[in-house]
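What follows is a single structure, written as structure tokens, with notes after it.
Just so you know, all these numbers are worked out from the coordinates, no wet-lab data involved. Since this is a predicted model, take the numbers as computed values, not measurements. No Cβ is skipped: glycine too gets one built from the backbone with ideal geometry, and neighbour counts run over all protein chains shown.
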């Protein structure tokens with residue numbers, strides 16, 4: 001289930017997701033980059049990453065490669081999908097400091113998070129859970145937040161509109177800035193280079209066509225790839241799977257969060 005944020009939080013939150021996955025006593029969940037960051041509340045089985053137990057409530061920054069999370073039984077997750085520059089604007093930290101990191105939510109926002117977790121667990125409905133999160137972060141934003149970087153905002157809009165097909169040089173020229181200026185500011189706000197962010201956007205644009213059985217060769221050229229092999233190579237670099245494996249060997253809980261079969 002996906003729920004849109006309030007207008008107040010729409011500059012920071014892209015949407016809310018409620019995910020449930022069934023499986024064996026131990027199964028694998030794959031998370032791969034989508035250009036966003038997030039906050040996860042886990043209300044069922046323990047999750048581990050690289051053998052380390054994950055907190056029941058944690059934030060994650062930009063991920064540069066896919067991650068396999070082990071789930072010991074049924075998964076029931078509430079995910080706040082944070083916009084690419086959301087943590088930079090909310091915390092005032094360079095986004096690069098959170099790259100490939102998972103941080104306990106209590107370490108970021110204090111012990112008030114424990115009450116929030118308990119409240120969400122007892123809420124009973126998706127809308128009730130969202131209301132609690134909106135109240136918590138709404139109060140934080142009322143205290144202080146950082147304005148969006150207009151150059152980064154404009155570049156992200158262009159990247160999304162073009163499905164990631166514009167080069168960094170084309171972006172800089174269209175925005176009337178130097179390429180290095182754009183790259184530097186983008187890294188601070190988003191935590192990825194504009195080129196890497198564009199590659200992720202392009203891959204997800206392809207994913208929208210994948211369930212339709214699109215012909216890879218034709219779509220490769222239409223999407224700016226040199227050939228089908230280039231498309232498959234970039235897709236596998238981001239997801240760890242070929243397009244056919246994505247369809248046959250996974251059960252998507254979300255576009256970029258998969259329950260692996262077998």
For region 130-193, what size does the Cα cloud have along each of its three principal axes, sorted from largest down, in whole Å? 42, 22, 17
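Arrange the following residues from fewest to most other Cβ atoms within 10 Å of their Cβ: 56, 135, 85.
Numbers: 56 19, 135 12, 85 24.
Placing the least packed residue first, the sequence is 135, 56, 85.
Report the relative contact order of region 2-143, percent, no decimals, based on alpha-carbon pairs under 8 angstrom and at least 6 residues apart. Kindly include the intermediate steps, with their values, before the conclusion.
Details: 261 pairs, mean separation 40.1, N = 142.
After rounding, I find 28 percent.
Rank-order 191-200, 249-258 by packing density, defined as the average count of other C-beta atoms within 10 Å over each peptide's residues, highest first.
Numbers: 191-200: 21.6, 249-258: 17.5.
Listed from highest to lowest mean packing, they are 191-200, 249-258.
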Per residue of the chain, what 222 nm ellipticity follows from adding -39500 (n - 2.57) for every DSSP H run with n ≥ 4, rounded to the nearest 500? -13000 deg cm²/dmol
Translational diffusion coefficient, Stokes-Einstein: compute it for the chain using the Kirkwood radius over C-alpha pairs as Rh, at 37 °C and 0.692 mPa s, and state it as an integer in µm² s⁻¹. 170
